[in-house]
Amino acid sequence: MAQGRITIVGAGLIGRAWAVAFARGGCDVTVWDGVPEVLARFGGLGEEMVRGLEEAGLLEEPAAAVLARITTEPDLETAIAGCDMVQESLPEELAIKREIFARLDALAPADAVLSSSSSALLPSAISDGLEGRARCMVCHPLNPPYLIPAIEIVPAPWTAPEALAKAEALMRGIGQAPIVMGKEIDAFVMNRLQGALLKEAFDLVGGGYATPEEIDISIRDGLAMRWAVVGPFETIDLNAPGGVRDYVERYAGIYEALPESAPPAASWRGEVLDRIEAERRAALPLEDIPARQHWRDRGLMELAALRHARNRENSK
């Protein structure tokens with residue numbers, strides 16, 4: 001387990017999930033939010049997450065021990081005193097990020113890493129002009145990070161290698177799987193991959209080739225079954241007798257020809273969105289989304305428990 005003092009800035013959904021991830025990994029966590037009502041709600045919601053992990057067998061110690069490492073603090077200066085890393089999880093607006101990073105840079109210990117959970121804003125845009133910009137970066141999770149281990153660590157052009165190394169070590173120490181990017185790019189890695197898949201999905205629905213549910217089946221009950229165990233490069237490495245080069249020699253022509261038969265590009269708005277939304281709302285009314293989110297997270301816990309047991313068995 002890791003050791004360290006972590007400050008979570010923002011007690012919303014992502015901030016709560018980060019607090020649980022760090023505390024489960026052994027860190028002492030202080031949570032701050034500028035909205036008292038949001039901070040007041042943190043305790044019960046965070047405890048629910050931790051108790052769920054305990055029920056799923058995903059804790060190495062009692063839930064009470066994990067919860068004891070999490071505290072809330074309404075004063076920002078007090079919250080970040082002595083911390084090793086700040087994980088900011090405020091709303092996705094550049095002005096908000098820049099304002100809070102300026103405050104963090106002025107108040108945080110000189111050797112503390114300053115990281116944002118931003119899913120789209122570049123770290124250079126967030127930290128430009130700060131005196132301590134060399135310690136600033138983005139650590140972008142997939143939600144929720146206490147169940148999904150992949151983390152994108154994204155440097156600005158001026159982020160110091162030692163700051164990246166410190167963030168990577170902390171993430172590995174709490175059980176995350178960091179992707180340390182060589183440089184920043186819009187949407188980072190995971191959203192660019194997701195965006196490519198979603199573009200094709202919208203185009204296939206728009207062209208009348210498949211329904212939204214059939215697209216979901218192709219991923220949920222098809223490709224994702226493999227991708228939950230191995231990634232796309234290992235998939236093709238295992239799918240040809242001679243490995244990845246053999247696969248490319250056999251099948252590259254199929255993929256290279258795909259643009260010639262590509263369906264017309266569909267707008268993500270308008271008629272195609274109307275069709276997708278109508279099917280989704282028929283399957284899941286809006287008021288049932290919170291319950292379905294809970295169902296999803298329980299499924300992620302079961303999958304995480306299976307992966308954890310399998311990895312432990314493989315390490316023997």
Margin query: Restricting the calculation to Cα positions, tell me the Rg (one decimal) and the Dmax (whole number) of region 191-283 in Å.
Written below: 15.5, 46
Next item on the list: Determine, from the Cβ-Cβ distance of residue 260 and residue 230 and an R0 of 35 Å, the FRET efficiency 1/(1 + (r/R0)^6), rounded to the nearest 0.05.
Entry: 0.75
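Suppose only helical runs count, i.e. DSSP H with n ≥ 4. What mean residue ellipticity at 222 nm does that imply for the chain under -39500 (n - 2.57) per run, divided by all residues and rounded to the nearest 500 deg cm²/dmol?
Values: 14 runs with 162 residues, N = 316.
So the calculated ellipticity at 222 nm is -16000 deg cm²/dmol.
At 37 °C and 0.692 mPa s, what whole-number value in µm²/s does Stokes-Einstein give for the translational diffusion of region 145-204, with Rh from the Kirkwood sum over Cα pairs? Kindly include the intermediate steps, with their values, before the conclusion.
Values: Rh = 12.9 Å.
Reported coefficient: 254 µm²/s.
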Checklist line | Per-peptide average of other Cβ atoms within 10 Å, ordering 85-98, 136-149, 173-186 highest first | finding: 136-149, 85-98, 173-186
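Figure the gain on full extension for residue 199 and residue 295 (residue separation times 0.36 nm, minus the Cα-Cα span) and round it to one decimal in nm. Kindly include the intermediate steps, with their values, before the conclusion.
On the way: separation 96, 0.36 × 96 = 34.56 nm, distance 2.66 nm.
Gain on extension, residue 199 to residue 295, equals 31.9 nm.
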Notebook entry, point to check: Cα-based Rg of region 1-134 per 2.2 N^0.38 Å, rounded to two decimals?
Noted result: 1.03
Check: PRE reach from residue 239 (point 7 Å along Cα→Cβ): which of region 173-205 fall under 12 Å by backbone N?
Finding: none
Item checked: Computed label-point distance, nm, for sites residue 37 and residue 303 using a 7 Å Cα→Cβ extension -> 3.4 nm
Note to self: Can you tell me the orientation of helix 94-107 relative to the chain, as the angle in degrees between its alpha-carbon axis and the longest Cα principal axis, to the nearest 10?
What the structure shows: 30 degrees
Next item on the list: Report, ordered by chain and residue number, the aspartates and glutamates lying within cross-link reach of residue 166, taken as a straight Cα distance under 16 Å and ignoring same-chain residues fewer than 8 apart.
Entry: 84, 111, 152
Item checked: Distance from region 258-316 to region 67-134 (C-alpha centre basis), Å -> 31 Å
Notebook entry, point to check: Say we join alpha carbon atoms closer than 10 Å with springs in a Gaussian network model of the chain; which of 281, 298, 24 then has the biggest fluctuation?
Noted result: 281
Notebook entry, point to check: What percentages, rounded to whole numbers, describe P(r) for the chain computed over all alpha carbon pairs with 20 Å bin width beginning at zero?
Noted result: 28, 55, 17, 0
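Where a number appears in this text, it was derived from the coordinates with a stated rule and is not lab data. As the structure is a prediction and not an experimental result, all values here were calculated from the model. Because the Cβ atoms are built from the backbone with ideal geometry, glycine has one as well, and the counts that use them run over all protein chains shown.
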